[in-house]
Amino acid sequence: WRASMAAGPPYVYHLLPGNEASLVRECLDRRWWWRPATIYASGNIVPHHLRIGLNGQRMDWSRFPFHGVSLSMCNRLRNNREACVKSRLALNLRRWVYARKRENNRSNGEAYDWVPTTFVLHAGRDTSELVAFREHDVKRKKDVDDAGTWIVKPEASNRGRGVEVLGSAQDVEQHLACHKTNDVFVAQVYLESPLLVFGRKFDIRVFALVTPDGNCYVYKDSYVRTCVSEYTLEDLGDKAVHLTNDAVQQRLPGYGTHEECNKMSFQQFQRALDDGRRESLEPTEDTSASADTGARIDFENHVWPAIERVTAEAFRATLGRGADGGTRKITQDLSSKSKARNGPTPNPEKKPKAFTYELFGLDFMLDQILSPVLLEINTSPALFRHGEVLKTTSSVDDGGGGLLNRGRRVSAAERG
C-alpha cells in the first residue's frame, strides 16, 4: 500500500465534459488510486483505464479495450440502443411479451399492463406497423367509442424535443406527413387517466445501474418530477400540463411554484399522497376505474416493489436480446446475455481485461390502480444538482459506495 502511494495513483480516468461531470470527478478524487488523464495540447490523451461520458457521447468500440493498459472500463453498454432508442424499446418489449405469453401459456395469466401499446411509424411510408396502427384504432373506436389520445415521440429524441400529444389516429398521421420520409416515430397510447398529485401530472425517474456481470441495481433514492399546471385533456398542446421533462418545465413561468424545481423525493411524495389522497388524487375521467383514494397509498411497500420488478423485466427484454436479434432464447437471464454482448468475460489468460457498465434513467407513470407503466429508458440520465431533492438524489458517492451502497440488486433470474 505504501509503495503504491509513493508511486502515485495506479489507475487513470478520462472524464468527458457535460451533465454534471464534476459529480463523478468528486467521487473519483476521494479514491487515492485514481487520477485524471493528462490531455496534451495536441489533443492526445495519455493511456487510461476508465472512460466516462455522461452526456451521450459516442463510444468508438474499435478502440476498446484501450491501448497500452491492462484493464479497460467504459460507462456504456455496447447494445444500450436496444433499451434507449424508443423504437427498439417498443419492439423488444412487444416481442418479449409475446414470447413470454407463448412459452408460458400466460395469455390469461400474468399481466403486462406496464407495457403501453406502442407502434413504430415511418413518415411517408406504408408499413406493416402503420397497418397495425390503423387496425388498432378501428378496434379501439369499436370497443370504447373513443378516438383515443396518442403521444408521439421521435425515436431518438430526449428532453421532450419533438414530443406531441394528439387527439386521434388521424392527427398522428397528419403529424407524420409534416416530416421527412423515413423519419421514425413511436406512437403510444396516452395514459389518459393517470394518478395525479395535487391535481397535476407526474412521473417517477428511477436510476438503475447495470454492471459488467449483468446484474441490475435499482437506486432507492430516485425522485418524482411534476408538471406546473393542473391536468386536463382540454388542451393537448399545453406542455405545461402533459410533459414532465425538466427541459420543458424549467422554461415555464410557474416552474418551482409548487415544489422546488418541480421535484419531490419519495418521502415528500408519500406525504403528498397521505395529505391529498381524497381531495388531490381525484380520478380524472372514469370514477369506476379509480383507485380507492380513501385507503392509504403505501409507495414504499406497494408501488416500489412493482417498479423494481418491471425494471428487471424491461432489461431482460432489451439488453438480454442484443442488436442482432440472435437465435438465443430471449428468456435467458440478463446476466448470461450481458456477459456475451456487453464486454468480454474476465479471462486471466487474455490481456487486457475489459468491462462495460451503464447508469440508466427509467421513467414511470402510475395508473389509477397504482400499477407502474414504463414510458421509456434513457441513457445518460441527468445528474444535475438543482434543488435539495437532486442534491441528495444525485449524490453518486456518499463516502460508502454511493449508488451501489443505496441501491438494491434486482436479480436477473427473478421472474417477478
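Numbers at a glance
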item	result
Within segment 154-196, tally of residues that are within 23 Å of Q368 (Cα to Cα), open to solvent by less than 20 Å² (accessible area, probe 1.4 Å) and part of a loop (DSSP other than H, G, I, E, B)	4
Meets criteria (farther than 30 Å from P47 by Cβ and either open to solvent by 20 Å² or more (accessible area, probe 1.4 Å) or free of Cβ contacts under 8 Å to residues at least 24 places away in the same chain (or both)) for N80	no
Breaking point among (1) loosely packed, with under 13 Cβ neighbours inside 10 Å; (2) modelled with pLDDT of 90 or more, for Q250	(1)
Leading residue by the ranking (surrounded by the fewest Cβ atoms within 10 Å (Cβ to Cβ)) among those in segment 45-77 that are of a type in the set (K, R) and under 13 Å from S380 (Cβ atoms)	R58
Lone qualifier among G56, G18, G68 - being among the small types (G, A, S), at pLDDT below 95, touching a strand residue (DSSP E or B) at 6+ places or on another chain (Cβ under 8 Å) and at positive phi	G56
Residue match in segment 132-147 (condition: buried (at least 20 other Cβ atoms within 10 Å of the Cβ) and basic (K, R))	no
Total residues in segment 209-225, condition closer than 16 Å to P372 by Cα and assigned to a strand (DSSP E or B)	4
Top-ranked residue of segment 366-393 - restricted to ones that are buried (at least 19 other Cβ atoms within 10 Å of the Cβ) and closer than 21 Å to E260 by Cα, ranked as modelled with the lowest pLDDT	T393
Close pairs from segment 215-239: first more than 24 Å from G256 (Cα to Cα) and without any contact (Cβ under 8 Å) to a residue 24 or more places away in the chain, partner of a type outside the set (D, E) and open to solvent by 20 Å² or more (accessible area, probe 1.4 Å), Cβ under 9 Å, at least 6 apart	none
So D203, is it buried (at least 19 other Cβ atoms within 10 Å of the Cβ) and either in contact (Cβ under 8 Å) with a residue 12 or more places away in the chain or not in a loop (DSSP other than H, G, I, E, B) (or both)	yes
Extreme residue, nearest to the chain's Cα centre (by Cα), among residues of segment 115-147 that are hydrophobic (A, V, I, L, M, F, W, C) and either within 19 Å of L191 (Cβ to Cβ) or not in a helix (DSSP H, G or I) (or both)	V115
Residues that are under 18 Å from A247 (Cα atoms), among the hydrophobic types (A, V, I, L, M, F, W, C) and open to solvent by less than 10 Å² (accessible area, probe 1.4 Å), drawn from segment 208-229	V224, C227
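The values are calculated or read from the model by the stated rules, or taken from the named source; none is laboratory data. Since the structure is predicted, the reported quantities are computational estimates derived from the model, not experimental observations. All Cβ positions, even for glycine, are placed from backbone atoms using ideal geometry, and neighbour counts span all protein chains on display. Calculation scope for accessible area: heavy atoms of the full protein, side chains included, ligands and nucleic acids excluded. Shrake-Rupley method; radii C 1.70, N 1.55, O 1.52, S 1.80 Å.
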